[in-house]
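The values are calculated or read from the model by the stated rules, or taken from the named source; none is laboratory data. Nothing here was measured: the structure is a model prediction, and the numbers come from that model. Cβ placement follows ideal geometry from the backbone for every residue including glycine, while neighbour counts extend to all protein chains displayed.
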Amino acid sequence: MSDKTDSEQIDDIIARQSDWKRDVLIALRAAINAADPAAIEVVKYKKPSKPEGVPFWTHDGDVCYVEVLKNAVRLNFSKGARMKSNDFFNTRLDSKVVRAIDYSDGSHVDEAAVKALVKEAVELNVAAK
């Protein structure tokens, strides 16, 4: 059991990444937190194959989470299939629930687009309450 806060655990997850993955994670985190300052950072799904867990942002439910994959950093929106702003999603398009954006080496994080997606995801959660 870690004595670190969830935000500190996310700091550690970011610090362990290679250059481009770290840069993408830093940009995504900044955009998410700027879009919703009330979002809570949480680390979920710790398991033997991923002991560090998965960074989530929540606000009246899961908003989004980031997976570090072998060749990509994936930004997942938990209710992405219900979101109207779907032009930016490039993976998990056949899921009935989740939508995601994969960033690979050399990808640029469109912070304005991420902020808009986060705001819409939060609105979906708040409206469901």
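Return a yes/no flag: does segment 46-58 have any residue that is in contact with a helix residue (DSSP H, G or I) (Cβ under 6 Å, 6 or more places away or on another chain), more than 17 Å from SER7 (Cβ to Cβ) and part of a loop (DSSP other than H, G, I, E, B). Within segment 46-58, none of the residues are in contact with a helix residue (DSSP H, G or I) (Cβ under 6 Å, 6 or more places away or on another chain), more than 17 Å from SER7 (Cβ to Cβ) and part of a loop (DSSP other than H, G, I, E, B). When each of LYS44, LYS96, LYS84 is tested for being of a type outside the set (Ser, Thr, Tyr), surrounded by fewer than 14 Cβ atoms within 10 Å (Cβ to Cβ) and closer than 21 Å to ASP11 by Cα, the lone residue that passes is LYS44.
Under the condition of being out of contact with any strand residue (DSSP E or B) (no Cβ under 9 Å at 6 or more places or on another chain) and modelled with pLDDT of 95 or more, the residues counted in segment 36-50 number 2. The single condition among (1) surrounded by 16 or more Cβ atoms within 10 Å (Cβ to Cβ); (2) in contact (Cβ under 8 Å) with a residue 60 or more places away in the chain that GLY61 does not meet is (1).
Filter segment 96-106 down to the residues that are assigned to a loop (DSSP other than H, G, I, E, B) and either more than 29 Å from SER18 (Cα to Cα) or aliphatic (A, V, I, L, M) (or both) and list them by number. The answer is LYS96, VAL97, VAL98. Looking across segment 1-33, just one residue is outside any loop (DSSP other than H, G, I, E, B), surrounded by fewer than 14 Cβ atoms within 10 Å (Cβ to Cβ) and small (Gly, Ala, Ser), and that is ALA15. Against the test of being assigned to a loop (DSSP other than H, G, I, E, B) and at pLDDT 95 or above, the options VAL114, VAL109, VAL122, VAL118 yield a single qualifying residue, VAL109. Sub-8 Å Cβ pairs linking a first residue in segment 80-91 that is at negative phi to a second residue that is aromatic (Phe, Trp, Tyr) and buried (at least 16 other Cβ atoms within 10 Å of the Cβ), at least 6 apart or interchain, are GLY80/PHE89; MET83/PHE77; PHE89/PHE77, ordered by first then second residue. Only one entry in ARG16, ARG22 is in contact with a helix residue (DSSP H, G or I) (Cβ under 7 Å, 6 or more places away or on another chain) and more than 19 Å from LEU117 (Cβ to Cβ), namely ARG22.
All conditions in (1) within 12 Å of ALA31 (Cβ to Cβ); (2) over 13 Å from the mean Cα position of the chain (by Cα) hold for VAL109, with the sole exception of (2).
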